[in-house]
Amino acid sequence: MDLIYNQNGIPREQYRYGLRSSAAVGCGWIATYNALALMGYRTEIPELIRYYERQLPMIHGNAGTSFWGPVPLFRKWGFPVKTSLRPAEFDALAKEADACILFYRWREKWKLGAHFVALHKQGGSFVGYNTYRNSTGPDPYGPSLEAFLEKRGYFTPFLIAIRKKPAAPDIPAPHSG
């Protein structure tokens, strides 16, 4: 399963998320897809999108994914998951995990936004995927997630640390039922 390095590279009509393009609001399902890939698991993108659209039926994916959204999905699939809102705990949790999903908010002048990325520890550094609008491959974060977030000015972060489960690498479609 190939990683998605840049959601802006997804054609506008491919993988719609609600009424919007995944290039605009798809970072949540993309982070989930990439975290699964980092652990050697596979899932079908249309099924993953459908799950998240049904998770918040009133929003239907049009505003992206809830910061908590990936947690019940990974738990439903049987993955051990730990979460934290405290950046001081992120490095220790991420070092124990096989893959992580990091949610954070950003501000650029008068614009506010939020973003999800998948990441993992590689050697002595953390590496993220789909981090920037111009990402073309893995993005180096350095040895500390807390320092990365602080340096970039990202705020209200939430870390989802995921461990592999002892099962086959195929996982069922994430039906909302």
Original post:
Top mean-square fluctuation among ALA37, ALA118, ALA147, Gaussian network model of the chain, C-alpha springs under 10 Å?
Top reply: ALA147
Original post:
What is the chain's relative contact order, in percent, from Cα pairs under 8 angstrom and six or more apart in sequence?
Top reply: 29
Subject >> Surface accessible to a 1.4 Å probe, LEU119 within the full protein complex, Å² >> reply: 0
Original post:
Which percent of the accessible area of segment 1-100 is formed by carbon and sulfur heavy atoms (probe 1.4 angstrom)?
Top reply: 53
Original post:
Once you mark the chymotrypsin sites (Phe, Trp or Tyr not before Pro) that are in a DSSP loop and have at most 16 other Cβ atoms within 10 Å, what is the longest gap between them in the chain?
Top reply: 1-67
Subject >> Percent of C-alpha pairs per 5 Å bin, segment 1-104, short to long >> reply: 2, 12, 22, 25, 20, 12, 6, 1
Original post:
In whole Å, what are the Cα extents of the chain along the three principal axes, biggest one first?
Top reply: 45, 37, 28
**OP:** Per DSSP H run of n ≥ 4, the term is -39500 (n - 2.57); total these for the chain, divide by its residue number, and report the mean residue ellipticity at 222 nm rounded to 500 deg cm²/dmol.
**Re:** -8000 deg cm²/dmol
**OP:** Treating cross-link reach as a plain straight distance, find the lysines whose alpha-carbon is under 19 Å from the alpha-carbon of LYS164, omitting any fewer than eight places away in the same chain.
**Re:** LYS76, LYS82, LYS95, LYS121
Subject >> Reachable lysines from LYS109, criterion Cα separation under 21 angstrom, eight or more residues apart if same chain >> reply: LYS151
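The values are calculated or read from the model by the stated rules, or taken from the named source; none is laboratory data. This is a predicted model, so every value here is computed, not measured. For neighbour counting, all protein chains shown are included, and Cβ atoms are generated from backbone atoms with ideal geometry for every residue, glycine included. Only protein heavy atoms, including side chains, enter the accessible area calculation; ligands, DNA and RNA are left aside. Shrake-Rupley method; radii C 1.70, N 1.55, O 1.52, S 1.80 Å.
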